[in-house]
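Please read the structure below before turning to the comments.
The values are calculated or read from the model by the stated rules, or taken from the named source; none is laboratory data. On a predicted model such as this, the values are computed, not experimentally measured, just so you know. Note that we place each Cβ from the backbone using ideal geometry, even for glycine, and neighbour counts take in every protein chain shown.
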Amino acid sequence: MKTTKAILTELGACSEAVKWAGRKTHKQAWETCKRGDWLLWIADRFDVDRKLLVLAACGCARTVLKYVPVGEDRPRIAIETAEAWTRGEAMIDQVRSAADAASAAHALYAAEAAADAASAVYAAYAVDAAVYAAHAADDVYPLTAAHAAAHKNMAGVVRKIIPFSVIKKAIADYEGKEEK
């Protein structure tokens, strides 16, 4: 079994993440990471089910809806449409339209988080949703304890939707592919 650090290096993770992983087991890394964007990134690299990724991205984007101006519904609608897609209740064209509308809202990073969460349905934007959500929190809570809490909250959202058992299986599948 490869170390977490080795896998992150192979997958091209940023040096900060590789250094952070250090000697942590896979489970320790997943359960203690305070960065939702990192967790989504690794889940995406391990080809975790797209619907789980979209739900996790939507969850991260939801954490910053409070920064969207009152009466601006397009970001919320984009998130709801992407969530509906995961349940088979929305078509891809509806998701694209909602994502485009949220992006056009120009409500700073919160709208981009919603747009990217919706876009995660058909592209690899799940990580971007968490990044934009983190930026929205940064705008309100720059370099404060609340800022760190916002990042940690997003990591908790990702872990709630994508439990370690899913990642454990994905790691086993990844290592199995590497052996072939």
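Summary table
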quantity: Any pair with Cβ under 6 angstrom, 6 or more apart, that starts in segment 4-27 at a residue that is free of Cβ contacts under 8 Å to residues at least 60 places away in the same chain and closer than 18 Å to Phe164 by Cβ and ends at one that is surrounded by 15 or more Cβ atoms within 10 Å (Cβ to Cβ) and polar (S, T, N, Q); calculated: Ala21/Thr4; Lys24/Thr4
quantity: Odd one out for Leu8 among (1) more than 22 Å from Ser97 (Cβ to Cβ); (2) modelled with pLDDT under 90; (3) touching a helix residue (DSSP H, G or I) at 6+ places or on another chain (Cβ under 9 Å); calculated: (2)
quantity: Only one of Lys51, Lys66 that is assigned to a helix (DSSP H, G or I), within 19 Å of the chain's Cα centre (by Cα), under 29 Å from Cys14 (Cβ atoms) and at pLDDT below 80; calculated: Lys66
quantity: Answer residue from segment 12-54, given it is hydrophobic (A, V, I, L, M, F, W, C) and under 23 Å from Ile92 (Cβ atoms) and is surrounded by the most Cβ atoms within 10 Å (Cβ to Cβ) among those; calculated: Leu40
quantity: Leu39 vs. criteria at pLDDT 90 or above, outside any loop (DSSP other than H, G, I, E, B) and under 25 Å from Arg159 (Cβ atoms); calculated: yes
quantity: Members of segment 143-174 found to be of a type in the set (A, V, I, L, M, F, W, C) and at pLDDT below 75, listed by number; calculated: Leu143, Ala145, Ala146, Ala148, Ala149, Ala150
quantity: Any hit, segment 22-36, residues being over 19 Å from Ala172 (Cβ atoms), part of a helix (DSSP H, G or I) and among the hydrophobic types (A, V, I, L, M, F, W, C); calculated: no
quantity: Flag if Arg35 is touching a residue at least 40 places away in the same chain (Cβ under 8 Å) and either touching an Asp or Glu at 6+ places or on another chain (Cβ under 6 Å) or on the phi < 0 side of the Ramachandran plot (or both); calculated: yes
quantity: Counted residues, segment 1-21 - those being small (Gly, Ala, Ser) and assigned to a helix (DSSP H, G or I); calculated: 4
